[in-house]
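S.K.: Next up is a structure, given as C-alpha cells.
The values are calculated or read from the model by the stated rules, or taken from the named source; none is laboratory data. These numbers come from a predicted model, not from an experiment. Here the Cβ positions follow ideal geometry from the backbone for every residue, glycine too, while neighbour counts run over all protein chains shown. Remember, those area values only see protein heavy atoms, side chains included, never the ligands or the DNA or RNA. Shrake-Rupley method; radii C 1.70, N 1.55, O 1.52, S 1.80 Å.
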Amino acid sequence: MTRAQLLRTVAARLGTAGIAEPAREARILLRSALGLADIDLIAHLGERVDDGDERHLLALAERRAGGEPMARLTGRREFWSLSFALSPDTLIPRPETEIVVDAALDVLPDRAAALRVLDLGTGSGALLAALLTERPKAFGIGVDRSPGAARQARDNLAALGLARRSAVLVGCWGAALRGGFDLVVSNPPYIRSRDIADLEREVRLHDPLLALDGGTDGLDAYRALAHELPRLLAPDGIAVLELGAGQEADVARLLSGGPLSPLGPARRDLAGIGRALVLRAG
C-alpha cells in the first residue's frame, strides 16, 4: 500500500474502535513507524511502503485499537516541551503534573539560583528534567524504587544534556540521602488500591502498578513523605507534591502541624482539582 492508503486504512480501524481523532492518530503512528517528519509524510503520500513496515504499522494500529496508549506505541511522551523516552517501568507523564513544575518555579523564581533539587519517585525523570532546564545552575537527584525506571530516567536526563547536573538512584524515598535540599518534588502513587480496577484501561493495563497504588486509602506515600521531608529539606526549603482528586485536606493534615507548613491552598488544574500542594520547611 501507499502511505496515503495506509493512513486511510489505519484511521478507519481506529475510528471503528472508538478512538477519538482517528485521522490524527493514524498520522502519528505512520510517522513513528516510518521515522518520518510531518513534511516528509505530506510531501510523499503516494510513496509505497515496504511489506515489513506495513505489517509493523498495522500491528501498531491493532494495539491502539485495543486500548494501548499512543505513548506506549511510540515509546515517547512530551512534557514541559521536552521529549521523554518511556519504558514499561515508567508512568506516562501527564499534563496536570506540569502544575508541580509551575508551582515550584513560582515559589523559587530566581533563575540563577544554585538549587539542590530532589525528585522522589522520579519515573521517567520528567519533573527533574523540567526543573533543571528552567534552573540552569541547579543540581538534581532523582530516586525511584524501580531499577528500570531509574535507568530510563538516567537515559532521559543524559539525552537532554543534563547528565552532569543530575544523578539517579534506586531506593525507597529519601532513605539513602542526608538532606539539605532546597526543593523536593514528588508525584507519588495516590490511587486507592480498591480503585485500581476501575481506572481507564489505558492506565490500568499499561501503567506500572508501583507508580499507581497508594495503599488502602491512597495516602501511604504521603505518610512516608511526611516522615522524610523534614529531614530532607534545608531550612526554608520547599516541597511540592502532586495530589489526587479529593486528597488535599487529608494530605495537608498529614504534612502540616510540625516543621512543614502549606503555603496556601493547593494549585488547581484545569478541572478545578487541587493538584499541587506547596509546603515550606520551618
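S.K.: Residues that are under 24 Å from R280 (Cβ atoms): list the strands (runs of 3 or more DSSP E) wholly contained in the stretch 139-205 that include at least 3 such residues.
M.R.: Output list reads 139-144, 181-186.
Yes/no matrix, rows are residues, columns are (1) open to solvent by 10 Å² or more (accessible area, probe 1.4 Å); (2) in contact with a helix residue (DSSP H, G or I) (Cβ under 9 Å, 6 or more places away or on another chain); (3) modelled with pLDDT under 95:
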| position | (1), (2), (3) |
| --- | --- |
| P95 | yes, no, yes |
| D102 | yes, no, no |
| A130 | no, yes, no |
| D144 | yes, yes, no |
| A175 | yes, yes, yes |
| L183 | no, yes, no |
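S.K.: Every residue in the stretch 146-171 that is among the charged types (D, E, K, R) and under 22 Å from P88 (Cβ atoms), please.
M.R.: Just the residues of the stretch 146-171 that are among the charged types (D, E, K, R), to begin with: 151, 154-155, 164-165.
Of everything in the stretch 146-171, those that are among the charged types (D, E, K, R) and under 22 Å from P88 (Cβ atoms) turn out to be R151, R154, D155.
S.K.: Turning to a different aspect of this structure: Quick one: in the stretch 254-282, which of the residues that are in contact (Cβ under 8 Å) with a residue 40 or more places away in the chain and open to solvent by less than 40 Å² (accessible area, probe 1.4 Å) is farthest from T97 (Cα to Cα)?
M.R.: A281
S.K.: So, A114, is that one at pLDDT 90 or above, loosely packed, with under 15 Cβ neighbours inside 10 Å and under 18 Å from G142 (Cα atoms) or not? Reasoning before the result, please.
M.R.: Details: at pLDDT 90 or above: yes; loosely packed, with under 15 Cβ neighbours inside 10 Å: yes; under 18 Å from G142 (Cα atoms): yes.
In short, yes.
S.K.: Does D40 satisfy the criteria of being open to solvent by 20 Å² or more (accessible area, probe 1.4 Å) and touching a helix residue (DSSP H, G or I) at 6+ places or on another chain (Cβ under 6 Å)? Give the steps one after another, and end with the answer.
M.R.: Values: open to solvent by 20 Å² or more (accessible area, probe 1.4 Å): yes; touching a helix residue (DSSP H, G or I) at 6+ places or on another chain (Cβ under 6 Å): no.
So D40 does not fit the description; no.
S.K.: Just to be sure I understand the filter: pairs with C-beta atoms under 7 Å, separated by 6 or more residues or on different chains, first member in the stretch 232-253 and touching a residue at least 24 places away in the same chain (Cβ under 8 Å), second member assigned to a strand (DSSP E or B) and among the aromatic types (F, W, Y). Which pairs pass?
M.R.: From the stretch 232-253, the pairs are L232/F181; L233/F181; A234/F181; G237/F181.
S.K.: Looking at (1) touching a strand residue (DSSP E or B) at 6+ places or on another chain (Cβ under 7 Å); (2) hydroxyl-bearing (S, T, Y); (3) on the phi > 0 side of the Ramachandran plot, which one does S81 not meet, given that it meets all the others?
M.R.: (1)
S.K.: Is it the case that the stretch 47-58 has a residue that's out of contact with any Gly (no Cβ under 8 Å at 6 or more places or on another chain), without any contact (Cβ under 8 Å) to a residue 12 or more places away in the chain and among the small types (G, A, S)? Explain how you work it out, then say what you get.
M.R.: Kept after step one, since they are out of contact with any Gly (no Cβ under 8 Å at 6 or more places or on another chain), are these residues of the stretch 47-58: 47-58.
With without any contact (Cβ under 8 Å) to a residue 12 or more places away in the chain added as a condition, the list becomes 50-52, 55.
From what's left, among the small types (G, A, S): 52.
There is at least one residue in the stretch 47-58 that is out of contact with any Gly (no Cβ under 8 Å at 6 or more places or on another chain), without any contact (Cβ under 8 Å) to a residue 12 or more places away in the chain and among the small types (G, A, S).
S.K.: Moving on. Only one residue in L212, L241 is in contact with a strand residue (DSSP E or B) (Cβ under 6 Å, 6 or more places away or on another chain) and open to solvent by less than 10 Å² (accessible area, probe 1.4 Å). Which one? Quick ask: steps written out before the conclusion?
M.R.: Working: L212 fails: open to solvent by less than 10 Å² (accessible area, probe 1.4 Å).
Of L212, L241, the one residue that is in contact with a strand residue (DSSP E or B) (Cβ under 6 Å, 6 or more places away or on another chain) and open to solvent by less than 10 Å² (accessible area, probe 1.4 Å) is L241.
S.K.: Starting from residues that are in a strand (DSSP E or B) and under 17 Å from L29 (Cβ atoms), keep the ones in the stretch 47-82 and report whichever is most open to solvent (accessible area, probe 1.4 Å).
M.R.: Of the stretch 47-82, the ones in a strand (DSSP E or B) are 48, 76-79, 82.
Checking the rest, the ones that are also under 17 Å from L29 (Cβ atoms) come to 76-78.
Numbers: R76: 108, R77: 78, E78: 128 Å².
The extreme case among them is E78.
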